[in-house]
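Each value in this text was obtained by applying a stated rule to the coordinates, not by laboratory testing. For clarity, every value in this text was computed on a predicted model and none was experimentally measured. All Cβ positions, even for glycine, are placed from backbone atoms using ideal geometry, and neighbour counts span all protein chains on display.
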Amino acid sequence: MNRFLSKDFLSGLMFIGFGLIALYFGQKLALGTPVRMGPGYVPRMLSLTLLGLGLLVCIIAVVSGSEPVERPKWKPITLVTLGIVCFALLFERAGLIPALVVLIMIASLAGEEFKLTEVLGNIVVLSVLCTLVFKVGLGMNISIVSGVW
């Protein structure tokens, strides 16, 4: 087994990549001191933590080995991505609930089995939770159902 194509090693590389990207985009933020933290202090520390964890995971993966990477499953990747894109396109035009319904229906098709009753239950629960959290709890000015529907 190639230790550089293991799940753990590639996960460590992903952590390192995210840490480097965060460092790059946060480089112009003032760092400050631990006593008087600037806007870049916490992002920089989180980026360095990601880099350190990624390096540690990579080293452990090379030393001890881990499971090999499976072939990508394109159906779930494609359907979940399509569901997110549809949600983004529908959210402002149709409102939160219709966009959630479309997202959940499309993403549910990505699984191994599709049970309509479970999907409808997910739609109801997530719609209620999102409405309570974003509209009631946070007081966000979002439409629940637009005039289009």
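Of note:
- Sequence-separation-based contact order of the range 1-86, relative, with Cα cut under 8 Å and 6+ spacing, percent: 41
- The mean sequence separation of alpha-carbon pairs under 8 Å and at least six residues apart, normalised by the residue count of the range 74-137, gives a relative contact order of 33 percent.
- Shape category assigned to the range 74-137 from the gyration tensor of Cα positions, a/c cut at 1.5: oblate
- Per-peptide packing, taken as the mean over residues of other Cβ atoms within 10 Å, places 125-132, 67-74 in the sequence 125-132, 67-74 from highest down.
- Most positive-pole-ward Cα, 29, 6, 56, against dipole of the range 1-87 from beta carbon charges: 29
- Gain in span if fully extended, residue 60 to residue 116, counting 0.36 nm per residue against the direct Cα distance: 15.9 nm
- Across the chain, C-alpha contacts under 8 Å between residues 6 or more apart give a mean separation that, scaled by the residue count, equals a relative contact order of 22 percent.
- Between the beta carbons of residue 13 and residue 37, assuming R0 = 30 Å, the FRET efficiency works out to 0.50 to the nearest 0.05.
- Rounded to the nearest 20, the size of the Cβ-charge dipole of the chain about its Cα centre is 420 debye, with Lys and Arg at +1 and Asp and Glu at -1.
- Computed E for residue 126/residue 24 - FRET, C-beta separation, R0 30 angstrom, nearest 0.05: 0.30
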